[in-house]
């Protein structure tokens, strides 16, 4: 049995301003993902998006925040927020949903790409392979905060969390950082060039990286939820699945469906000239 290291959630203070580890993890994650997107855009010779990355990145961040908050409100605690609607705006009090944030980012990206004429599927492929970096740092932030811990366990690496009572629990935040962060990033980053290869392959059209992310994240998160403590206001639902698992099953289904939809896209989306990168600009 281990005890979670005592880490002050406040990194340092400047008068009334507090810099917290959790916020720092998000800043590091967003920054790393941004730099990796720029690296890919240059590598795959898509010059047009280089002039729009900053604006698109901002739109996605806004989509994540709004979608994440509304996802938590409607998926995890609708009764409370319907009775106290003003608290929906109190993001600083906690309560964000990854699945809501993912949906918000997709909607924000789609709206931005349609308004600016960018190819949504190409942009999605660039951005989605970097998402696990943000997930990794975000889960580290959860661990430092001692939140979103796992279910009680007797394994030797079980940890005592300040808010989790006297029983040792699975450090599920570290499980998620490993699977949803390191492992998922390794898979997506290894395959990232597939949709950009020449001659253009119908086996990996643009959008398949997004489909792969949705499917694999949903699978990894579904498995980890067996070790994660369910939200107390909801508990376990149908077939003893958590809300997170039910959302992940939906995510897996959407990813599989998207994979087949993109692979059967009209042939006009597939350039015929070999080694011609002009269509990527």
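The values are calculated or read from the model by the stated rules, or taken from the named source; none is laboratory data. Every value quoted in this text rests on a predicted model; they were computed, and no experiment measured them. Glycine also receives a Cβ, built like all others from the backbone with ideal geometry; neighbour counts cover every protein chain displayed.
Observations on the model:
- With a requirement of 1 or more residues that are without any contact (Cβ under 8 Å) to a residue 24 or more places away in the chain and closer than 23 Å to residue 142 by Cβ, the helices (runs of 4 or more DSSP H) lying completely within region 157-264 that satisfy it span 184-191, 243-263.
- Checking each residue of region 8-23 against the condition of being in contact (Cβ under 8 Å) with a residue 12 or more places away in the chain, part of a helix (DSSP H, G or I) and under 30 Å from residue 196 (Cα atoms) gives no match.
- For residue 227, the test of being crowded, with 17+ Cβ neighbours inside 10 Å, more than 30 Å from residue 36 (Cα to Cα) and touching a helix residue (DSSP H, G or I) at 6+ places or on another chain (Cβ under 6 Å) is passed.
- Residue in region 91-107 that is modelled with pLDDT under 85, in contact with a helix residue (DSSP H, G or I) (Cβ under 9 Å, 6 or more places away or on another chain) and over 25 Å from residue 241 (Cβ atoms) present: yes
- Index of the failed condition, residue 176 passing every other in (1) within 17 Å of the chain's Cα centre (by Cα); (2) surrounded by fewer than 20 Cβ atoms within 10 Å (Cβ to Cβ); (3) at pLDDT 95 or above: (2)
- The sole residue among 49, 66 that is at pLDDT 90 or above, more than 24 Å from residue 139 (Cα to Cα) and surrounded by 13 or more Cβ atoms within 10 Å (Cβ to Cβ) is 49.
Listed here are the residues, each with its yes/no results for (1) closer than 23 Å to residue 152 by Cα; (2) modelled with pLDDT of 95 or more; (3) within 19 Å of the chain's Cα centre (by Cα); (4) surrounded by fewer than 13 Cβ atoms within 10 Å (Cβ to Cβ).
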position: 222; (1), (2), (3), (4): yes, yes, yes, no
position: 242; (1), (2), (3), (4): yes, no, yes, no
position: 248; (1), (2), (3), (4): yes, yes, yes, no
position: 256; (1), (2), (3), (4): no, yes, yes, no
position: 262; (1), (2), (3), (4): no, no, no, no
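- Leading residue by the ranking (nearest to the chain's Cα centre (by Cα)) among those in region 97-119 that are surrounded by fewer than 18 Cβ atoms within 10 Å (Cβ to Cβ) and either in contact (Cβ under 8 Å) with a residue 40 or more places away in the chain or not in a helix (DSSP H, G or I) (or both): 107
- Only one of 73, 133 that is modelled with pLDDT under 95, assigned to a helix (DSSP H, G or I) and either buried (at least 23 other Cβ atoms within 10 Å of the Cβ) or in contact with a helix residue (DSSP H, G or I) (Cβ under 9 Å, 6 or more places away or on another chain) (or both): 73
- Test result for residue 81, free of Cβ contacts under 8 Å to residues at least 12 places away in the same chain, over 18 Å from residue 221 (Cβ atoms), part of a helix (DSSP H, G or I) and over 14 Å from the mean Cα position of the chain (by Cα): yes
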